[in-house]
Amino acid sequence: MLPRGYDIVESRWLATDVKKFRIHSPKIARKRKPGQFVIIRLKENGERIPLTIVDSDLKEGTITLIVQGIGKTTKELNSLNAGESILDVVGPLGTPSEISLFGTAVSIGGGVGTAIAYPTAVALKAAGNHTISIIGARTKDLVILETEMREVADEVYVTTDDGSYGAHGLVTDQLRRLMEQQTIDFVIAIGPIPMMRAVAECTRPFGIKTVVSLNPIMVDGTGMCGGCRAVVDNKTVFVCVDGPEFDAHQVDFQLLDKRNRSYKSEERESLDEYEHQCANRS
């Protein structure tokens, strides 16, 4: 059993391998702003992983996290249920999203990136923008937060790679259609690196202010370890303190992708060992 830490108030599946958590953390709930994240550690000697704060409830003193089980730690986290706890939850970390009255603002979420785009979409709407949300997923079963986005956005479009729901195609296909129909003043895109890079190239010729939230390897979240280095505008930045959001047209996506692949073999080995242990326990 895990040592008592931060209590899990709610644990609910949203899609295949994607789970929503509400965690009791009153101080973080009071201080968090859109775009910020926490770093969690499940147990002593456990891996530290960054997770964006999707929402907070000041009355209940909870923060909401949405987790996609990909590696060992995220799958281990997704095995937890309400009533259990997480050893460490540190935050809020990072620089909050830039929220202004841009005009027409588009929030694009690819896969679980929709969970990161959601709080910024809420803030953009509150600032008086005409808000548009594009939700992208590989297939219908992986679409998340559509209902929540419809509650805050003036327009919502869903795209799936296989055409099983919404429009058949990519988020950039829908973005191009929107740019042909109306003036877009601001775009924020969050998701896999290829998707964010594609959005950046889509808006670049139009000079549309475009922001992406980067997801490099991160350890301490304070800028001391240097693990989250990225290159933006030909300068080295530390994503955990300088970001995580940056001008999409200035990000070196090729280097970011290369750095994110640095420990693929070790990550695979750790996941295999964890799944082997789970199989032996069942």
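What follows draws every value from the coordinates through simple rules; no lab data is involved. Note that the structure is predicted; figures quoted are calculated from it, not measured. As a convention, Cβ positions derive from the backbone with ideal geometry for all residues, glycine included, and neighbour counts pool all protein chains shown.
Structure data summary
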item	result
Potential extension, ALA127-ASP252 segment - 0.36 nm per residue separation minus Cα distance	42.0 nm
Label-point separation, ASP57 to GLU98 (7 Å along Cα→Cβ), nm	3.4
Cα-Cα pairs of the chain separated by more than 35 Å (percent)	14
Net charge contributed by nearby residues that have their C-beta within less than 11 Å of THR172 (K/R +1, D/E -1)	+1
Proximal charge balance of THR114 [Cβ under 10 Å; K/R count +1, D/E count -1]	-2
Extension gain, ASN45 back to ALA82 (0.36 nm per residue minus Cα-Cα distance, nm)	11.0 nm
Dipole magnitude of the chain, debye to nearest 20 (Cβ charges: Lys/Arg +1, Asp/Glu -1, about Cα centre)	400
Segment 1-85: translational diffusion in µm²/s, Stokes-Einstein, Kirkwood Rh over Cα pairs, 20 °C, 1.002 mPa s	165
For peptides 116-123, 259-266, sequence by mean Cβ density within 10 Å, most packed first	116-123, 259-266
Separation of alpha-carbon centers, segment 201-228 and segment 1-51, rounded to whole Å	22
Compactness relative to 2.2 N^0.38 Å, alpha carbon Rg of segment 173-282	1.34
Gain in span if fully extended, ARG12 to ARG268, counting 0.36 nm per residue against the direct Cα distance	89.6 nm
Whether segment 26-161 is rounded, prolate or oblate, judged on the alpha carbon gyration tensor where a/c under 1.5 counts as rounded	oblate
